Amino acid sequence: MENDLQMIREKINKCRLCRLYQGAHSAVPGEGSAVAQVMFIGEAPGKDEDLQGKPFVGAAGKFLSAMLEGIGMKREDVFITNIVKHRPPDNRDPLEDEVETCFPYLDAQINAIKPKLIVTLGRHAMHRFLPDLKISEVHGQAKRVKSIFSQKQVILPLYHPASALYNPSMRSTLIHDMKKIPILLKKINDAS
Ligand code: URA
């Protein structure tokens, strides 16, 4: 599993399949446990992530780490990545073709790790798995989808931590929704 992840990481580091690598300092493949039960998927690397080659290390990432601690988890216990692996210029939203081109990497990471639970952060990540839903209506609600490997996969859509940084009500909603992770995980593990 670690080997698979390493191979995927190397491919991402060399990727030239879309335009995004041109303006990026480094690729951000993702990091964490190769046997993580929970995988967090954000939108795209920002400036700090691009400079360090690591996901969620800026302000939103610090908030994510604090919320993880709040539910008794460490970053090393989970796997954290993004829908696209290079930073879009000026932090613009990733374009549809960029998301499509990058998706096989995420797909391969999911298949290597086989997480029990995928937590999407923000609407872009959610839409990749749950295209017809509105995040304001479904955040914090576990959804079961057929993954590309036609196994059932549980997805928990959450708001993006960046959207909660300066918005107190969003912040408490996100902290509240995060607390569902250990409960859900126990349910999933008890049922299997
Ligand atoms: N926002 C994201 O969606 N991903 C990161 O890695 C950092 C900020």
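The values are calculated or read from the model by the stated rules, or taken from the named source; none is laboratory data. Being a predicted model, the structure only gives us computed values, none of them experimental. Neighbour counts are summed over all protein chains in view; Cβ atoms, including those assigned to glycine, are modelled from backbone coordinates with ideal geometry. Quick note on the areas: whole protein, heavy atoms, side chains included, nothing else; ligands and nucleic acids left out. Shrake-Rupley method; radii C 1.70, N 1.55, O 1.52, S 1.80 Å.
Screening G72 with (1) open to solvent by 60 Å² or more (accessible area, probe 1.4 Å); (2) outside any helix (DSSP H, G or I); (3) within 16 Å of the ligand (Cβ to nearest atom) gives one miss only, at (3). Mind checking which residues of the stretch 38-54 are touching a residue at least 40 places away in the same chain (Cβ under 8 Å), in a loop (DSSP other than H, G, I, E, B) and open to solvent by 10 Å² or more (accessible area, probe 1.4 Å)? Once the filter is applied, which keeps residues that are touching a residue at least 40 places away in the same chain (Cβ under 8 Å), in a loop (DSSP other than H, G, I, E, B) and open to solvent by 10 Å² or more (accessible area, probe 1.4 Å), the stretch 38-54 yields E43, A44, G46.
Only one entry of V35, V84 meets the criterion of being within 16 Å of the ligand (Cβ to nearest atom), of a type in the set (A, V, I, L, M) and not in a helix (DSSP H, G or I), and that entry is V84. Restricting to the stretch 138-192, name every residue that is away from the ligand (no atom under 16 Å from the Cβ), touching a strand residue (DSSP E or B) at 6+ places or on another chain (Cβ under 8 Å), assigned to a helix (DSSP H, G or I) and open to solvent by less than 60 Å² (accessible area, probe 1.4 Å). Passing the criteria: V138, D177, I181, L184, L185, I188.
Of the set (1) within 12 Å of the ligand (Cβ to nearest atom); (2) open to solvent by 10 Å² or more (accessible area, probe 1.4 Å); (3) over 14 Å from the mean Cα position of the chain (by Cα), all apply to V57 but (3). Evaluation of K62 against the conditions (1) in contact (Cβ under 8 Å) with a residue 40 or more places away in the chain; (2) open to solvent by 20 Å² or more (accessible area, probe 1.4 Å) shows that the sole unmet condition is (1).
Within the stretch 98-110, restricting attention to residues that are of a type outside the set (D, E, K, R) and free of Cβ contacts under 8 Å to residues at least 60 places away in the same chain, the residue that is nearest to A24 (Cα to Cα) is V99. Annotation note: Cβ proximity below 8 Å between a residue of the stretch 74-97 that is at positive phi and a residue that is within 12 Å of the ligand (Cβ to nearest atom) and charged (D, E, K, R) (sequence gap 6+ or interchain) occurs for N91/K47.
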